[in-house]
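Every read-out reported here was derived from the displayed coordinates using simple, explicitly stated rules and does not represent laboratory data. This one's a predicted model, so the numbers in the text were calculated from it and none came from an experiment. All Cβ positions, even for glycine, are placed from backbone atoms using ideal geometry, and neighbour counts span all protein chains on display.
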Amino acid sequence: MAKITFITSDNESITLEGSSGSVMALAVENGVKGIDGDCGGVCSCATCHVHVSPEDMKKTGTASEIEADMLELDDNADEFSRLCCQLEIGDHLDGVVLRVAK
Amino acid sequence: MEKSELPDPFEKARVEKGFGKLNDQDDPVTMLLRLKDVRKTAHNYKTFQSAAQPGRIVVPSEVNIRDTRQIPFEVDPPVHGEYRAIVEPWFKRPLQAEYQEKLKEQIESLVNECLNNDRVEVVNQFALPLQSRALTLLLNTPFSESETWISWGTHVFRSEGEALDADKANILYDYIDQQIERAIAKPGEDMYSVLLSSDFQGRKLSKEEVKGVMVLTFAGGRDTVINAVTNSIAYLAEYPESLERLRKEPEIAGKAVEEFIRYFSPLTQMGRVVTEDTAVCEHAIKADTRVSLCWASANRDAAVFENPNEIVLDRKINPHVGFGFSHHNCLGATHARQILKILLNTLATKVGSIEIQDYKENIESLDEFERKVGYDRINVKFNKLT
């Protein structure tokens, strides 16, 4: 079980608990604003972009090459950017804080 | 070659040069074939513009058959974003449970009908009515309107000979003009009425702008959806094990839809007009010529996709550009995804197998390339799941 906190663009903070699946799916199921997950989690739409809190980067790791290629063309992207469909929920993610990019 | 296969005609040119050449009505096009180039070019709206003469970014060009600017498709940022913000919530309605329930009813009833026939021509008797009926949900218009749209045939801008046909385009334009007048006289909750009452830059959208959005909605989702549906059925006919897998693991339907969109790439390419002398993959491109973003080629790029010519039903990482990329990505994608997802789940629960009887392929001729995009006709028999 991992607790994951989303901070939306209007500064609303939502903490959700999950044990499996992707962070994107957890956010979509709970209606987190700004996470659309249009492609269902196959890394083709970039509608699940989050900025990981710098101190949590060691938990999430950095974007894979394919993910980084998608993010490269997103004007909001920075070194803390991830597509959260590529973050699998597990104990290792407990406590992470993700700022929704959109 | 398998009957459901869509070969990749671009591989050699993509690997060796990265581009192809197409002379379209004396307005030549440099086709960009690699995924990374396609993405970067799609993103760079300043050098590669959409807001050119209406019809020019379409390949084959439609400049001789229309003057209406399709919106937001033929507009560039930042104005593009203002139009897009108006239409986007409407095009996200397919995410609503009620919308999906109605779509499911439509598709189930069509599949049930087909199960009672020994021979179904999928393009005209299945995909066309499916697309037309589903469009009544997207437009929130009476179901009976779909009969009119079905009578127009598979292409909105093209008739039997595949050539661009101004008469055919006029049928659509006249129809949309009439619908706009109807919505002005008697506003309802349909898409025309909603657009007419939308605010844009401190005023309402004009009739011409509403027409621009409606033409895009009709044209963009016509043969693309029809090809995607028809190709899906041809594939499932040849791969009964995939139908079986969708039955046992319905949760993979979403991934299967993305993979079908990648592999089928229902829209081969989309153009842009080059605003300044530039270069893509070390190839010089002159101002005021055209490039195309060849989605179909990019989606088979082995630099990105493992086994690109295979359908991997649950492909996990699938950064395809079948719905385009960046600012102008497909507005109707939410609707199209729901259609395909519900179709796959319905076929899996009702259909045991599909037999292909005979078919004629639809081949696009692109000068140095010939691409199969689907079928002109394909007769099948749907067998009930027992």
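Distance between the modelled labels on residue A:8 and residue B:302, one decimal in nanometres: 4.6 nm (7 Å Cα→Cβ projection). Note on segment B:229-258 and segment B:31-110: Cα centroid distance 27 Å, given to the nearest whole angstrom. The stretch between residue B:241 and residue B:312, if pulled fully straight at 0.36 nm per residue, gains 24.3 nm over its current Cα-Cα span. For segment A:2-100, a/c is less than 1.5, where a ≥ b ≥ c are the root eigenvalues of the C-alpha gyration tensor. That puts it in the rounded class. 3J(HN,Hα) along segment A:92-101, derived from phi through the Karplus expression 6.51 cos²θ - 1.76 cosθ + 1.60 where θ = phi - 60°, amounts to 4, 8, 4, x, 5, 10, 10, 9, 5, 6 Hz, with x in place of Gly and Pro.
Backbone amide hydrogens, once placed in the peptide plane, bring residue B:5 within less than 5 Å of nothing, excluding anything fewer than 5 places away on its chain.
The 3J(HN,Hα) values that the Karplus relation (6.51, -1.76, 1.60; θ = phi - 60°) gives for segment B:337-345 are, in residue order, 4, 5, 4, 5, 5, 5, 4, 4, 5 Hz. Gly and Pro appear as x. With both labels modelled 7 Å from their Cα along Cα-to-Cβ, the residue B:174 to residue B:24 distance reads 2.8 nm. Oblate is the label for chain B. Its Cα gyration tensor axes, ordered a ≥ b ≥ c, give a/c of at least 1.5 and b/c at or above a/b.
With the highest mean first, a sort of the peptides B:4-10, B:261-267, B:334-340, B:170-176 on other beta-carbon atoms found within 10 angstrom per residue produces B:261-267, B:334-340, B:4-10, B:170-176.
For a modelled paramagnetic label at residue B:117, 7 Å from Cα along Cα-to-Cβ, the residues of segment B:317-355 in reach, with backbone nitrogen under 16 Å, are B:354-355. Less than 5 angstrom separates the built amide H of residue B:55 from those of B:70, all sequence-distant by 5 or more or on a different chain.
Dividing the summed -39500 (n - 2.57) terms of all DSSP H runs of n ≥ 4 by the residue count of chain A sets its mean residue ellipticity at 222 nm at -4500 deg cm²/dmol. With a threshold of 22 Å on the Cα-Cα distance, the over-threshold entries among A:33/B:92; B:21/B:286; B:12/B:36; A:3/B:316 are A:3/B:316. Put simply, the amide H of residue B:375, placed in the peptide plane, has neighbours under 5 Å in B:362, leaving out anything fewer than 5 places away on its chain.
Let me know the shape class of the protein assembly as shown, please: from the alpha-carbon gyration tensor, a ≥ b ≥ c as square roots of the eigenvalues, rounded when a/c is under 1.5, otherwise prolate if a/b is greater than b/c, or oblate. Judged from the Cα gyration tensor, the protein assembly as shown comes out rounded (a/c under 1.5).
Label zone of residue B:3 (point 7 Å out along Cα→Cβ, amide N under 15 Å): in segment B:331-357 this covers B:353-357. ³J(HN,Hα) across segment B:58-70 via Karplus (A = 6.51, B = -1.76, C = 1.60, θ = phi - 60°), whole Hz, x for Gly/Pro? After applying 6.51 cos²θ - 1.76 cosθ + 1.60, I find 7, 10, x, 4, 10, 4, 7, 10, 8, 10, 6, 7, 7 Hz.
To the nearest whole number, what is the average tally of beta carbon atoms from other chains within 10 Å of the beta carbons of peptide B:314-320?
6
Counting only DSSP H runs of at least 4 residues, each contributing -39500 (n - 2.57), and dividing by the residue count of chain B, the helix-based mean residue ellipticity at 222 nm comes to -13000 deg cm²/dmol.
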